Amino acid sequence: MVDKLKKIIRDIHDFPKKGIIFKDITTLLRDPLSYQKTVDLLAHRYISKKIDLVVGIEARGFIVGAALAYKLGAGVVLVRKAGKLPYKTHKETYDLEYGSDTLEIHSDAIEKGQNVLIADDLLATGGTVSAVIKLIEKMGGNIIECAFLSELEFLNGKEKLSPYSVFSLVKF
Ligand code: AMP
């Protein structure tokens, strides 16, 4: 099944810029069985882990994270790009290849000691998730794992996130 998921993710060459192979998951999401399997396989891994909250990262992380939270009977917390969340926030700025970006979380979204699972569609360099980890640490959340639909292993994002545990369904 994981092989099928790997095949159905579409490669888009030179998007969003030259030299990048973008892993387009819309082809997986529009296939009912593939989307269902993705969520079921992830949920199976965490069902006994007493997850209180799934933190989804804008925007594709919401699609994975929200369905996963529903299956786990957990709540959903949104991490969004700067300026999108309406209430008081904690912010974390991180470096991109060119320039930087800022992520935000509502300051009351996570209570100290709550078991948190981070969800996103893809792990590349790990910069995005490192910023999310910092936000959650600030609030005292207990990070159980970082879960991804897929991972670009050659970029070694996993090492960057150490000692936090990382799981991805599909490896490229
Ligand atoms: P990074 O911070 O380098 O781990 O990048 C991860 C974030 O950027 C994720 O939210 C991904 O959705 C997106 N991303 C980075 N590289 C790719 C890629 N080659 N294909 C699809 N999404 C990507």
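Quick rundown of the values:
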{"item": "Residue within segment 96-106 that is hydroxyl-bearing (Ser, Thr, Tyr) and either in a loop (DSSP other than H, G, I, E, B) or within 14 Å of residue 139 (Cβ to Cβ) (or both) present", "result": "yes"}
{"item": "Single unsatisfied condition, residue 3 versus (1) part of a loop (DSSP other than H, G, I, E, B); (2) surrounded by fewer than 19 Cβ atoms within 10 Å (Cβ to Cβ)", "result": "(1)"}
{"item": "Failed criterion for residue 70 (all others in (1) part of a helix (DSSP H, G or I); (2) within 12 Å of the ligand (Cβ to nearest atom); (3) surrounded by fewer than 19 Cβ atoms within 10 Å (Cβ to Cβ); (4) of a type in the set (Ser, Thr, Tyr) hold)", "result": "(2)"}
{"item": "Single condition residue 64 does not satisfy, out of (1) away from the ligand (no atom under 11 Å from the Cβ); (2) among the aliphatic types (A, V, I, L, M); (3) not in a loop (DSSP other than H, G, I, E, B)", "result": "(1)"}
{"item": "Residue among 52, 14 that is of a type outside the set (Phe, Trp, Tyr) and in contact (Cβ under 8 Å) with a residue 60 or more places away in the chain", "result": "52"}
{"item": "Segment 117-144: number of residues that are part of a helix (DSSP H, G or I) and either of a type in the set (Ser, Thr, Tyr) or within 16 Å of the ligand (Cβ to nearest atom) (or both)", "result": "10"}
{"item": "Pick from segment 6-25, criterion within 22 Å of residue 65 (Cα to Cα) and within 11 Å of the ligand (Cβ to nearest atom), ranking: surrounded by the most Cβ atoms within 10 Å (Cβ to Cβ)", "result": "25"}
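Every number here is computed from the coordinates shown, using simple stated rules; none is lab data. As the structure is a prediction and not an experimental result, all values here were calculated from the model. Because the Cβ atoms are built from the backbone with ideal geometry, glycine has one as well, and the counts that use them run over all protein chains shown.
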